[in-house]
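Since the structure comes first, as structure tokens, the remarks are kept for the end.
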Protein chains: 2
Amino acid sequence: MDLKFLQNLIVPAQTKIAMIIMDGLGGLPLEPGGKTELETARTPHLDALAAQSALGLTVPVGPGITPGSGPGHLGIFGYDPLQYEIGRGALEALGVDFDLGPNDVAARGNFCTVGGAGLLTDRRAGRIPTEVNEELASLLRTIRIDGVEFFVEPVKEHRFAFVVRGPGLGDALTETDPQKTGVPALPVRALEPDSEKTARLVNQFIAQARQLLADRHPANMILLRGFARYPAIPTYPELFGLRAAAIVLHAMVRGVAKLVGMQALNVEGEGIADEFTTLERNWNDFDFFYLHVKKTDTAGEDGDFARKVRVIEEVDALMPRLTALKPDVVIVSGDHSSPALLKAHSWHPVPTLLYGKYVRADGIAEFGERACARGSLGVLPAKDVMPIALANAQRITKYSA
Amino acid sequence: MDLKFLQNLIVPAQTKIAMIIMDGLGGLPLEPGGKTELETARTPHLDALAAQSALGLTVPVGPGITPGSGPGHLGIFGYDPLQYEIGRGALEALGVDFDLGPNDVAARGNFCTVGGAGLLTDRRAGRIPTEVNEELASLLRTIRIDGVEFFVEPVKEHRFAFVVRGPGLGDALTETDPQKTGVPALPVRALEPDSEKTARLVNQFIAQARQLLADRHPANMILLRGFARYPAIPTYPELFGLRAAAIVLHAMVRGVAKLVGMQALNVEGEGIADEFTTLERNWNDFDFFYLHVKKTDTAGEDGDFARKVRVIEEVDALMPRLTALKPDVVIVSGDHSSPALLKAHSWHPVPTLLYGKYVRADGIAEFGERACARGSLGVLPAKDVMPIALANAQRITKYSA
């Protein structure tokens, strides 16, 4: 079912949908036969909501596929992550809150070290401190080439986001990182005629960067990879007719939300409770609210089972502030799994709860992986959740007679 | 899996398949935590059959999509409703039992009211009585244009089915209904060269209709929309090698069954029991029987929970007449859900039962939404039911070695 088909069936309504995404929510037991993080957490409010909900397990990208945050979020936002790809360069730019535009080509940059013969000796420049990165980025920003603008935004240690802005740019470009040392950095080559001008401009930039950085050992050169344009994704307002708000503390995820047309709301503070405060304050002004909790994923990636449990419990304790707003439809899910046992993102399907007045509730008063496996949503692609939520919000009309 | 692939694996067999479709079967509880219509109904025979069956929930068209009867039936008949679309005009013609042929282009017609300046004042002509519609339809049938035939078949109140029959017609035509009043009706325009002749003929028909109806206020003009040809759908005999019979009291659904190559059997009487009598009388002459019960949907659309329960109980009481015939495979399902709570078709997955000697039975002795959610068929596209039924009827051979 493609989004165009869905778009043609969308009708206006006064209903409100809230999507609460705990990043990396899905987990694993530490011991065989044990409980996952979510099953371990004491979640009376989520359990009560589950009793009035349909439950299921969502597959973010495809069977066995471990998603990054980009495709993980695109999936739960209702897009096929294999059809709508956000290139790595674009994700890097979104991750530093860069306001990526339709005339931009972005790449991931590294400072690196080259020896006297121009051969790479360290692809990461000894992981220079971020402060050095910031100083060198300022230096690179002095490069001027006619007709285009360049942006160099420090990320962390040796990494930066690189953006070229101007008319007629293309992103069909090869990477300069040879992925090994002892060889020179590669020139950028255009893979399509439309990108030839861009290749020439980027190679000019790299040549000037090499001169500017010559005496800045170990960060005396740069590598660029993952060239990507701003992806053309149909947005929430145009696709679903939703005035959509994003409440997100994490820059890259906020960038993805903005890409799909959500308005990123300002959050005063850094806590999950502050995000719920933002939700309350803006409740009257939007149809759809996406609230993102990052700390579940961080705890999972750190291998900290107990901390992930505590974050889930913190979200649970805040749930009454959402239900007090009387949302018509609530989705609680994750963008992917991040089991503490694996200390990483994983491929495991994600526990998902769909609440609403017209949801056919399963009567399972528990929100957890195995409870969700028994639910009537079954195991479903993450992208199918939004259409079902929209239907329950009475925002999809009948197809044919 | 496309139908061509399946078709190549079909083998002959002596087995018989019966598909019992209760229209709009799926429901919702009236109160949170309550039972649906099907769960409320006392269904000892269906429950006993369920105990020997595999259960599941079928998704007619796609997640969140509320189907009309056309796509709902195509789905449970084994076709992807998004691939095989029956246009609205064609459905309108099928709905009045019109024998739509491959050289026909059909449309939905409205009588409407235009004022002195030719501007629309009422798109529905004040919903004239059906008897007036019938008289005016007779008048329109007098229109003769060289080389083609026109058919005008009254539906109800201001609505009629309109069909042009002749060689070389196309249905890539714009609608004449501007969807608002205060403006003139639009001329038909061809969207492709193949439809230009048809556009010209239909515009001539409309011009003559305007003259004939001039003094018939409020029904002094017509609007046409949803132009559609007879859809090219591979039929049950050619796809599945099935001699298929349809036992259907409702004209449009009977039309869809005929479209897919089922032979519509004559039913003496208007009751569900009469349909079962037809089933018994024709049992020896077909491989596949589709028996359609309309009243579940009507009760659902009327918001009459108790009546829907009674209709389901009536079907249950008739089930022994089916099982006495010793069918090899039985499907009991719906074409979509029509919860009394919503008084309309809905997107909710449909409870589905598959019985057969070689079915891996779930051992769940209950036919209901939540029982089906626990079944081994899982949540599956409706179009997947027919291949599974054919396999259980030993009508699909092994794929490859």
*Being polar (S, T, N, Q) and touching a Lys or Arg at 6+ places or on another chain (Cβ under 8 Å) is the filter; apply it to the range A:116-164 and report the residue that is most open to solvent (accessible area, probe 1.4 Å).*
A:T130
*Quick one: which of B:A13, B:A18, B:A48, B:A54 is under 15 Å from B:Y355 (Cβ atoms), open to solvent by 10 Å² or more (accessible area, probe 1.4 Å) and hydrophobic (A, V, I, L, M, F, W, C)?*
B:A48
*Answer residue from the range A:345-359, given it is under 20 Å from A:G62 (Cα atoms) and in contact with a Gly (Cβ under 8 Å, 6 or more places away or on another chain) and is farthest from the other protein chains (Cβ to nearest Cβ) among those*: A:H345
_the range A:228-252, subset at pLDDT below 95 and part of a helix (DSSP H, G or I), residue farthest from A:G70 (Cα to Cα)_ = A:A251
*Options A:A299, A:A246, A:A251: the member that is out of contact with any strand residue (DSSP E or B) (no Cβ under 6 Å at 6 or more places or on another chain), among the small types (G, A, S) and open to solvent by less than 10 Å² (accessible area, probe 1.4 Å)*: A:A299
*Determine whether B:K383 is closer than 26 Å to B:I10 by Cβ and in a helix (DSSP H, G or I).*
yes
_Tabulated pairs, the range B:30-54, first of a type in the set (V, I, T), second part of a loop (DSSP other than H, G, I, E, B), C-beta under 8 angstrom, 6+ apart or interchain_ = B:T36/A:R360; B:T36/B:G27; B:T36/B:L28; B:T36/B:P29; B:T36/B:P339; B:T36/B:G368; B:T43/B:F367
*asked:* For the range B:369-384, which positions are within 12 Å of chain A (Cβ to nearest Cβ) and either open to solvent by less than 20 Å² (accessible area, probe 1.4 Å) or without any contact (Cβ under 8 Å) to a residue 12 or more places away in the chain (or both)?
replied: B:E369, B:A371, B:C372, B:G375, B:L380
_Here is a check on your reading of the model: is B:D362 open to solvent by 20 Å² or more (accessible area, probe 1.4 Å), within 14 Å of another protein chain (Cβ to nearest Cβ), assigned to a loop (DSSP other than H, G, I, E, B) and closer than 25 Å to B:Q52 by Cα?_
yes
*Would you mention how many residues in the range A:89-129 are among the β-branched types (V, I, T) and modelled with pLDDT under 95?*
1
*Candidates B:L291, B:L342 - the one that is under 23 Å from the mean Cα position of the chain (by Cα) and either within 14 Å of chain A (Cβ to nearest Cβ) or open to solvent by 50 Å² or more (accessible area, probe 1.4 Å) (or both)*: B:L342
*of a type in the set (V, I, T) and farther than 26 Å from A:R254 by Cα: does that describe A:V114?*
yes
*asked:* I need the full set of residues from the range B:68-96 which are among the aliphatic types (A, V, I, L, M), at the interface with another protein chain (Cβ under 7 Å from one of its Cβ atoms) and out of contact with any helix residue (DSSP H, G or I) (no Cβ under 6 Å at 6 or more places or on another chain), in order please.
replied: B:L82
*Quickly run through the range B:273-285 and pick out the residues that are buried (at least 21 other Cβ atoms within 10 Å of the Cβ) and touching a residue at least 40 places away in the same chain (Cβ under 8 Å).*
B:F276, B:L279
*Can you tell me which of A:R216, A:R210 is at pLDDT 95 or above, charged (D, E, K, R), surrounded by 14 or more Cβ atoms within 10 Å (Cβ to Cβ) and not in a helix (DSSP H, G or I)?*
A:R216
*Inside the range A:254-264, can you point out the residues that are under 24 Å from A:R395 (Cβ atoms) and open to solvent by 20 Å² or more (accessible area, probe 1.4 Å)?*
A:K258, A:G261, A:Q263, A:A264
*Could you give me the residue pairs with C-beta distances under 6 Å whose first residue belongs to the range A:333-344 and is closer than 13 Å to A:T298 by Cβ and outside any loop (DSSP other than H, G, I, E, B), whose second residue is open to solvent by less than 10 Å² (accessible area, probe 1.4 Å) and modelled with pLDDT of 95 or more wherever it lies, and which are 6+ apart or on separate chains?*
none
*Residues that are touching a residue at least 60 places away in the same chain (Cβ under 8 Å) and buried (at least 16 other Cβ atoms within 10 Å of the Cβ), drawn from the range A:176-194*: A:D177, A:A185
*From the list B:F227, B:F205, pick out the single residue that is open to solvent by less than 10 Å² (accessible area, probe 1.4 Å) and of a type in the set (F, W, Y).*
B:F205
*Out of (1) within 18 Å of B:G95 (Cβ to Cβ); (2) modelled with pLDDT of 95 or more, the odd one out for B:K156 is which?*
(2)
*Enumeration of residues in the range A:89-105 that are surrounded by 18 or more Cβ atoms within 10 Å (Cβ to Cβ), farther than 11 Å from A:M252 by Cβ and under 16 Å from the mean Cα position of the chain (by Cα)*: A:G89, A:L100
*Would you confirm whether any residue within the range B:112-125 is within 14 Å of chain A (Cβ to nearest Cβ), of a type in the set (S, T, Y) and in contact with a Pro (Cβ under 9 Å, 6 or more places away or on another chain)?*
no
*Cβ-Cβ under 7 Å pairs, at least 6 apart or on other chains, the range A:385-401 side more than 7 Å from every other protein chain (Cβ to nearest Cβ) and of a type in the set (S, T, N, Q), far side in a loop (DSSP other than H, G, I, E, B) and buried (at least 23 other Cβ atoms within 10 Å of the Cβ)*: A:N392/A:V359
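The values are calculated or read from the model by the stated rules, or taken from the named source; none is laboratory data. All values reported here derive from a predicted model rather than from experimental measurement. Because the Cβ atoms are built from the backbone with ideal geometry, glycine has one as well, and the counts that use them run over all protein chains shown. Keep in mind that these areas ignore ligands, DNA and RNA; they rest on the heavy atoms of the full protein, side chains included. Shrake-Rupley method; radii C 1.70, N 1.55, O 1.52, S 1.80 Å.
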